[in-house]
Amino acid sequence: MKINYIKKYVAVAAVAFLGLACTANYLEINSDPYAVTDEEMQRDGYAIRSSLTGIANGVISPDVNTTQFTECLLGGAMSGYMADGNDWATTISNFNPTDNWTNVFMSSDKIIPVIYTNYNMLKQVTDDPVVLAVGDIIKVAAMHRVTDTYGPIPYSQIGQNGSIQVPYDSQEDVYKKMFEELTNAVNVLTPNRTNNFSATADVVYGGVTEKWIKFANSLKLRLAMRISYAAPELSKQMAEEAVSHEVGVFASNEDNANFSTFNVDGNPIKVACEYNYVSTHDDGTSCTTRSGDSKAAADIICYMNGYEDPRREAYFTKCEWDGLDFAGLRRGIVIPKNTETGHKFSGVNISVTTAPVCWMNAAEVAFLKAEAVAVFNYNMGGTAQEFYEQGIKLSFEQWGAGDAADYIADNTKKPSGYVDPSGSNSYDGVLSTMTVAWDEAAAPEQKQEKIMIQKWIANWLLGNEAWADYRRTGYPNLLPATAEGNKSNGIVDSEAGPRRMPYPASEAVNNAANYQTAVSTLLKGADNMATKLWFDCK
């Protein structure tokens, strides 16, 4: 390991502050920071911890405002998990957002600059191949969310400080590069699988190398299935490589990738959802929903109410509509005033401020394998039914929902329709006729819908992942925007919803030539919310 001089420590500390909240819980030393010795830094993994945590801050940011845009107003709304609770005039859910709503993943100083400044700092403070491989894995975990939002992005040539004023890569090339990075990381880590590094340096897995191998393989499987229609041969190769690897992919909830190094506010999704919640009714009684800027969406509650899903207690707060336990607010509507009507709808239930955010869970991995077998005939080492039922069991365990046996066996309950308790935005259509119980005789398309519904339910709060799944497969069926709620001037289809976010407006000015090339050559469509991405080609 390289000697970490004090000037490097100062730089690392500055980088940690660039990640905003990343200094709150993990910079824990009792001495003067400028008096820390090289020996102390080496012993405690302090500099490595600062850099690794800084990169990790770019996955789901501890900065509440950043997370509100990426996880709630974008991923949460587009996935059918959350509905906007504040009657803003311009929103992603109404398909008429302003640039400051859609540019965050690419232009915020809390994401790409934080990822790359810390990533490059990591290379300065250590030459340990295990640690550097972990840094590569986290970078991919963060940056695949960026390409899944816009399509072609600056990637292979991003500058030392995260500057994106460079040429764009096609989304196909970005994915190929990410597969290369994940494969190389696994190849480095595998012969070192028992050589753990400093537990204090790793806030996700406590320095356990084998856990990082499983995460890298699981992430590789996720990305492989993302391109199942766009590049079927590469998809099959990458998926089978990930699962057949000697360490393999996630198998239990102990493998889940969770991150909990926040600032004093705690879990940023919880804080963002509860912004502007109504605490007291006009008559002085307490409001119990805690539903503020983001509510639980009608989509997921319709499915889970229909299935009488016991995970509802863990996912949502109870509503205040008479005769109902859980009622979601429809997305893509003229948003009602929170103080008058909106506060009565179920909120997002993150009851513990210190609850971690999850990057990936074992249930998702099981459903990825189920789809790979049932729809694409990949070799995942088991049957689709085995993986499908395993995914449900793992999710029930993750959320403390008890025994899943009755739920798995149910072949009668179906998603409910949507009757708006406020009387304004009911939906007459049928969302799905799918029951939970596996049907081996069903057609691949029906199996895919069944798998994707349960994967969607299990991936609660991973909205950007669910939105990508929806665009790739068309499932689950979501509630369309109303005619009044679709404010895109005809650009976005109310049923299909947005397929991407527009590039930051600054790119057309500050990176003009590269931006023009990306739009005219790589994106293969207009720079708006209706243009499909490379993987969105079913």
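Just a few scattered comments:
- Per-residue SASA entry for residue 438, accessible area with 1.4 Å probe, Å² rounded to 10: 30 Å²
- In this label model, residue 244 and residue 156 are separated by 2.7 nm, measuring between points 7 Å along each Cα→Cβ vector.
- For the stretch 475-526 versus the stretch 199-268, the inter-centroid distance based on Cα atoms is 29 Å.
- Computed label-point distance, nm, for sites residue 411 and residue 520 using a 7 Å Cα→Cβ extension: 5.9 nm
- Mean accessible surface per residue for the chain, computed with a 1.4 Å probe while every protein chain stays in place, in Å²: 36 Å²
- Between residue 264 and residue 200, the C-beta separation translates, for a Förster distance of 22 Å, into a calculated FRET efficiency of about 0.60.
- Theoretical FRET efficiency, 1/(1+(r/R0)^6), r = Cβ-Cβ of residue 281 and residue 483, R0 25 Å, to 0.05: 0.20
- Listed candidates (1) 27.5; (2) 53.1; (3) 24.4 - label of the one calculated as mean projected area of the Cα convex hull in nm²: (3)
- The share of accessible area on the chain that comes from carbon and sulfur is 48 percent, using a 1.4 angstrom probe.
- Once the C-beta distance of residue 208 and residue 383 is scaled by a Förster radius of 30 Å, the resulting FRET efficiency is 0.50 to the nearest 0.05.
- Stretch gain in nm, segment residue 506-residue 109, where the contour uses 0.36 nm per residue and the Cα spacing is subtracted: 141.6 nm
- Taking the C-alpha atoms only, the angle from helix 362-374 to the longest principal axis of the chain is near 70 degrees.
- Modelled spin-label separation between residue 166 and residue 90, with each label point placed 7 Å from Cα along the Cα-to-Cβ direction: 3.1 nm.
- J(HN,Hα) series, the stretch 431-440, from Karplus relation 6.51 cos²θ - 1.76 cosθ + 1.60, nearest Hz, glycine and proline x: 6, 6, 9, 6, 8, 7, 4, 5, 10, 5
- Segment residue 495-residue 99, extension gain: residue separation times 0.36 nm, minus the distance between their alpha carbons: 140.2 nm
- Here the gap between residue 308 and residue 428, fully extended at 0.36 nm per residue and compared with their Cα-Cα distance, gives a gain of 41.1 nm.
- Against the main long axis of the alpha-carbon atoms of the chain, helix 209-226 sits at an angle near 50°.
The values are calculated or read from the model by the stated rules, or taken from the named source; none is laboratory data. Predicted, not measured: the structure shown is a model, and the values here were computed from it. Reconstructed Cβ throughout: ideal geometry from the backbone, glycine too, with neighbour counts over all protein chains shown. In case anyone asks, the SASA skips ligands and DNA or RNA and just uses the protein heavy atoms, side chains included. Shrake-Rupley method; radii C 1.70, N 1.55, O 1.52, S 1.80 Å.
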